[in-house]
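Worksheet for the structure shown next.
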Amino acid sequence: MTLPADNPSAEDRPGRRDRGYTLVEVMVVIVITIVGFLAMTHLQTSVLQADQNSWNAAGAVELARHLQETIHMEAVQWTNDSQALAGGVNQANFLYLKNVGAPIAGQGSGWLDAGFYPADTTFALVNQLGYQPTYDAGALAVIPPGRNQRYCVRYRLTWVVPNFLIRADVRVLWVRHEGKAGNFDSCPGPDGLTSMEAHTEDVFSISFPSTVMKNVFVAH
């Protein structure tokens, strides 16, 4: 009687089942894992930067609206055409409207710094409230001015209808996440090669227009 010859299958051949992985296979797994990890890290960083940019933009909008409302508040006291006298648009107790200039259609102040700090201040950035103790003493007690300082603010007043209607533009600027922040701590500008407006690669900005009307509801 003849015994059948041993003919083991491929799976049962010695060394086949226990040989493990080759160095090439291990390296491929490592490379794929690293690439996936780096992609997830980059995605997370991009999401965080997008969130930061959205937060900055929201704060800039609030700051622009706040300054516009401050200008509108001054206009409540603009009741006559006496210019620099009581009730006039250029009265001395105004911080903003007094800079509009002579009542000539199409002319006005040009772009001016919001004046939160003296012109020679080396660090003039503000948060979403700004820094105007004359009008905002109560709010500044709740939101300290030294928190989240990242914005610069300009405004421009232009006569639309002399002695009656003014266009008020407000511009808020802040440094991009990847920008050269230290170059703009003093809010340089609005004109010149060193101004923030001249460096759009480093600076974001938004501008909002509004109109300001003389208060005609007050009896003269």
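Rule-based calculations on the coordinates, nothing more; no lab input. On a predicted model such as this, the values are computed, not experimentally measured, just so you know. Note that we place each Cβ from the backbone using ideal geometry, even for glycine, and neighbour counts take in every protein chain shown.
Overview of results
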| quantity | calculated |
| --- | --- |
| Relative contact order for the chain, counting Cα pairs under 8 Å that sit 6 or more residues apart, in percent | 19 percent |
| Where the Cα pairs of the chain fall when distances are cut into 10 Å bins, in % | 7, 24, 23, 14, 7, 5, 5, 5, 4, 3, 2, 1, 0, 0 |
| Nearest 10 degrees, 0 to 90: helix 23-75 Cα axis against the chain principal axis | 10 degrees |
| For the range 151-161, Karplus couplings with θ = phi - 60° (6.51, -1.76, 1.60), whole Hz, Gly/Pro x | 10, 10, 9, 10, 9, 9, 10, 9, 5, 9, 10 |
| Angle in degrees between helix 133-142 and the longest Cα principal axis of the chain, rounded to the nearest 10 | 40 degrees |
| Loop-resident sites, the range 170-215, for GluC sites (Glu not before Pro), counting at most 12 other Cβ within 10 Å (DSSP) | GLU178, GLU201 |
| Where trypsin sites (Lys or Arg not before Pro) fall in DSSP loop in the range 124-220, at most 14 other Cβ within 10 Å | ARG147, LYS180 |
| The range 109-220: C-alpha gyration tensor shape, a/c 1.5 cut-off, then a/b vs b/c | oblate |
| Between the range 53-116 and the range 153-210, the alpha-carbon center distance in angstrom | 15 Å |
